[in-house]
Each structure stands twice: as structure tokens, then as C-alpha cells.
Amino acid sequence: MPWWSPENHADRRPFLQARGRIRDAARSWFREEGFTEVESGALQVSPGNETHLHAFATEQTGEAGSRPLYLHTSPEFSCKKLLAAGETKIFDYARVYRKGETGPLHSGEFTMLEWYRAGEPYEGVMADCVALCRLAAREAEAGALRWRDSACDPEAEPEHLTLIDAFARHAGIDLGATLGSRGALAAAALSIDVRVGTDDSWSDLFSRILVQHVEPKLGLGRLTLLCEYPAEEAALARPLVRDPRFAERFELYACGVELANGFGELTDAAEQRRRFEAEMDVKQATYGERYPLDEDFLDALGRMPPASGVAMGFDRLVMLATGARRIADVLWTPPV
């Protein structure tokens, strides 16, 4: 049945009503914390410069001719420009767009709840994530976050786990010993029955091990904050002071599902340019396309204060709080 059939809508309506309660409560929480709500424009010069993100392209036409634009995959560039402009604590319920993302946990159009704290360490936005998960469960009148056969109590003390510890515990791999060595990581992957292709990069193998052996074991019973990613896997994050091989990046997991991705933000414009160009070189080699750099963003980045930020998949949060079976159940008008 189409989503708009009365029978289908009646089944989904309790999830949609809970979505509204969670959204309103989260908005009130942010305001009580001193945040300002912003609204980022969806049309951008660049949709983001990460290798495996794919954007919808369009063009703007007028008397001066036409120019290519993209629907943004995240409000990140716009929010960081606002930090450079002088904003200090902002949040955005942003509609974002990504090609090729479909399935129970994915939609080509979805809501990203993104927020930033200027002058604060990334442990602060980690704590925000935990608070919002607790709020969502309470508003949905659920005792736990749930996905399929897994449950997670957001009120329990969250687990903090580094990538080094996660790979050792759940995959039996010494991640630190493989840094910079595709051959070492390929051998480790084969030892735990992870496919290794001749064209796979170190990053490809890292992601495959993470998805197959680590992620399913995170956020079971309590939330997991997975942190200190290899620098190669954190293009927008600043390096750890004590070990620059790793970066101030974290992801939040519940029931094996990634809910949020956050950073201690990189503010070195020259380094950010170098990373973006490297990502686009890989994208060109892998997919035969590249996205332009947003020069205005790079200019703003050089003036941005130290900050931490996080992007949370709002639809996924609602799904887990309500026990919905798929992301379409919590979207008022799912993409056709």
C-alpha cells in the first residue's frame, strides 16, 4: 500500500505523533541550554567533500547565465560560516539529501539535527547526545531504545570506547599496528573472514571491518560513544594532541545503529583544503566524479573559533525511541 493509504497512515500515525513530541522537547532543551536555532539553505556551491557521499546536482539560471549547485548533504558548511560570523551555540533541524541511500535505516531525504558549541571540547557534545537520547525515550514513553531484537537503556551510564579498543575487543585486531599499512590490515581482515579486494584501500578495509565486526556489538544494553578515529577517517576533525595519528571524532551507537557523528572541529583552512583535495582525488578515481571546493567555507574556516559539533540522524533517533521497523514509518511523507 502507498504511505498515504488510510490504513497505512493509521499504523504510522503514533510514530509521527511521537516524532513531533520529541522534536518539540529537543527544541526546548536546546533553548534552555542557550542555543539559537538556525536554518541553513539547502542549495550550496559544494555538497561536501567526502569520498563516499553522493549528492543531487542542479543548477541556478538567471540573467547572468547558469551555475551548478547541489542540495547539501549536511548543513555543516553553513553552520561553520555562522560560527565565523560570531554565533557561539547553534542548532539546525536540516533537511538534507543524499543519493543512493535507501533501506530500513536510510532515506535519500532525511532530517539531520546538527549543533555546535564554540569554545568547548567535544566531550560537551558527547554529553548532549546522551541527554537527547534520554529525552527521546521519555517523550516516546519508552523504557528503552529498540531496533529489531536489540534494546538499549539510555539512562544507563554510556560506554566510552576508542577505536583501538573496539577493534581489539570485537575484531581481535591491533588497529594501531596497521596504521599506514594496507598489507597489514588486509592480512588482519582475511584472518576474520572479511573480504579483501585487489582495489581496496586501507580505508575500504577499515570500514568493512567496522561494519561487519564492530558496529553490531555497539550500543547493546547501553549507549556506546566510539571515539578517537584514525586521522585518515576524520577529514573534518582536529588531531588528538597526545597522538596525532588519531583525531577528535566520535560516533554514537544504540542497538548497533549509528545515531550521531561528531568532531572537535578542524579550523586549519590549509590543512582542510589538503584533506578535501585528497578526498576528491579518491572520489575521482573511484566514482569518476568530484565536487568543487567551497572557497567561501575555507575562508570562513580560517576565522572560525575553536568549536565542537555533532550531526544526529533525527529520524533514526525517533525510530529507536518508538520501536518503528523502518525509517519510512517515522517520515510524514516518505520519498517515493
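The values are calculated or read from the model by the stated rules, or taken from the named source; none is laboratory data. Since this is a predicted model, take the numbers as computed values, not measurements. Note that we place each Cβ from the backbone using ideal geometry, even for glycine, and neighbour counts take in every protein chain shown.
Can you tell me which residue is surrounded by the fewest Cβ atoms within 10 Å (Cβ to Cβ) among those in segment 25-40 that are part of a helix (DSSP H, G or I) and among the charged types (D, E, K, R)?
E32
Pick from segment 58-99 the residues that are of a type in the set (G, A, S) and part of a loop (DSSP other than H, G, I, E, B): which of them is farthest from F110 (Cα to Cα)?
The extreme case among them is A64.
With (1) closer than 28 Å to A136 by Cβ; (2) of a type outside the set (D, E); (3) outside any loop (DSSP other than H, G, I, E, B) as the list, and G219 as the residue in question, which single condition is left unmet?
Just one mismatch for G219, condition (3).
Provide a single number: the residues in segment 129-166 that are within 19 Å of D329 (Cα to Cα) and touching an Asp or Glu at 6+ places or on another chain (Cβ under 7 Å).
1
If you scan segment 282-293, which residues turn out to be among the charged types (D, E, K, R) and over 15 Å from D204 (Cα atoms)?
E289, R290
Take the residues in segment 75-89 that are surrounded by 23 or more Cβ atoms within 10 Å (Cβ to Cβ) and either closer than 25 Å to V336 by Cβ or aliphatic (A, V, I, L, M) (or both), then tell me which one is farthest from the chain's Cα centre (by Cα).
L83
Taking into account only those residues within segment 215-244 that are in contact with a Pro (Cβ under 8 Å, 6 or more places away or on another chain) and in contact (Cβ under 8 Å) with a residue 60 or more places away in the chain, which is surrounded by the fewest Cβ atoms within 10 Å (Cβ to Cβ)?
Out of the qualifying residues, it is R222.
Can you pull out the residues in segment 1-24 that are surrounded by 15 or more Cβ atoms within 10 Å (Cβ to Cβ) and modelled with pLDDT of 95 or more?
R12, F15, L16, A18, R19, R21, I22, R23
Is at least one residue of segment 157-171 over 29 Å from V194 (Cα atoms) and either of a type in the set (D, E) or in a helix (DSSP H, G or I) (or both)?
Within segment 157-171, one or more residues are over 29 Å from V194 (Cα atoms) and either of a type in the set (D, E) or in a helix (DSSP H, G or I) (or both).
Do you know which of the residues in segment 102-156 that are on the phi < 0 side of the Ramachandran plot, in a loop (DSSP other than H, G, I, E, B) and touching a strand residue (DSSP E or B) at 6+ places or on another chain (Cβ under 8 Å) is surrounded by the most Cβ atoms within 10 Å (Cβ to Cβ)?
Only one residue fits best here, namely P154.
Being over 22 Å from the mean Cα position of the chain (by Cα) and without any contact (Cβ under 8 Å) to a residue 60 or more places away in the chain is the filter here, so list the residues in segment 156-169 that pass it.
Residues satisfying the conditions are A168, R169.
Is it true that some residue in segment 49-71 is more than 19 Å from A235 (Cα to Cα), touching a Gly at 6+ places or on another chain (Cβ under 6 Å) and not basic (K, R)?
Checked segment 49-71: no residue is more than 19 Å from A235 (Cα to Cα), touching a Gly at 6+ places or on another chain (Cβ under 6 Å) and not basic (K, R).
Say we look at segment 297-336 and pick out the residues that are of a type in the set (D, E) and surrounded by 14 or more Cβ atoms within 10 Å (Cβ to Cβ); which of these is farthest from D24 (Cα to Cα)?
D329
Which of (1) exposed (fewer than 14 other Cβ atoms within 10 Å of the Cβ); (2) farther than 24 Å from C129 by Cβ; (3) in contact with a Leu (Cβ under 9 Å, 6 or more places away or on another chain); (4) not aromatic (F, W, Y) is the odd one out, the single condition A189 does not satisfy?
(1)
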